[in-house]
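The values are calculated or read from the model by the stated rules, or taken from the named source; none is laboratory data. All values reported here derive from a predicted model rather than from experimental measurement. Ideal geometry is used to build each Cβ from the backbone, glycine not excepted, and the neighbour counts take in all protein chains shown.
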């Protein structure tokens, strides 16, 4: 594996090399006396540390609101994408989805709902050429960044 998994693996290896321990998939209910690194929703800290957190920090955690998330992927291409319309190669940003579909999908995301039916396929934004190069033929391969907005329904389970 590569990409972010390689980064996570390296961080875990370094943690273990320094005597650290990884506990994944385990519910933490009591704070430890040692250093603890959380990879969880901010609100979960309130359940673990309860009244042991500084007042202002606990107040900020209570005010935390979940919002729509974004997933970003950079595809490494071996050749230019054969777009059906040559104008697409010159666009700075492409929204892959029709205008009505995009509007409804964005509204659905804001309501914290998951799109269903014909609206469920991902709306993707991409930049087909770096900085909308006026010479798309010069950019035949390399990274193609994409991102997708998702619903806010990533709230932790109680």
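Out of everything in region 1-23 that is in a loop (DSSP other than H, G, I, E, B) and closer than 30 Å to residue 62 by Cβ, what residue ends up being modelled with the lowest pLDDT? Reasoning before the result, please.
As a first pass, look at region 1-23 and keep what is in a loop (DSSP other than H, G, I, E, B): 1-2, 18-23.
If we keep only those that are closer than 30 Å to residue 62 by Cβ as well, we get 20-23.
Values: 20: 87, 21: 86, 22: 86, 23: 83.
Among them, the one singled out is 23.
Scan region 51-60 and tell me whether some residue there is under 23 Å from the mean Cα position of the chain (by Cα), at pLDDT 70 or above and not in a loop (DSSP other than H, G, I, E, B). Checking region 51-60: at least one residue is under 23 Å from the mean Cα position of the chain (by Cα), at pLDDT 70 or above and not in a loop (DSSP other than H, G, I, E, B). Criterion applied to 48, 73, 26, 36 was being surrounded by 10 or more Cβ atoms within 10 Å (Cβ to Cβ) and at pLDDT 80 or above, and the one residue passing it is 48.
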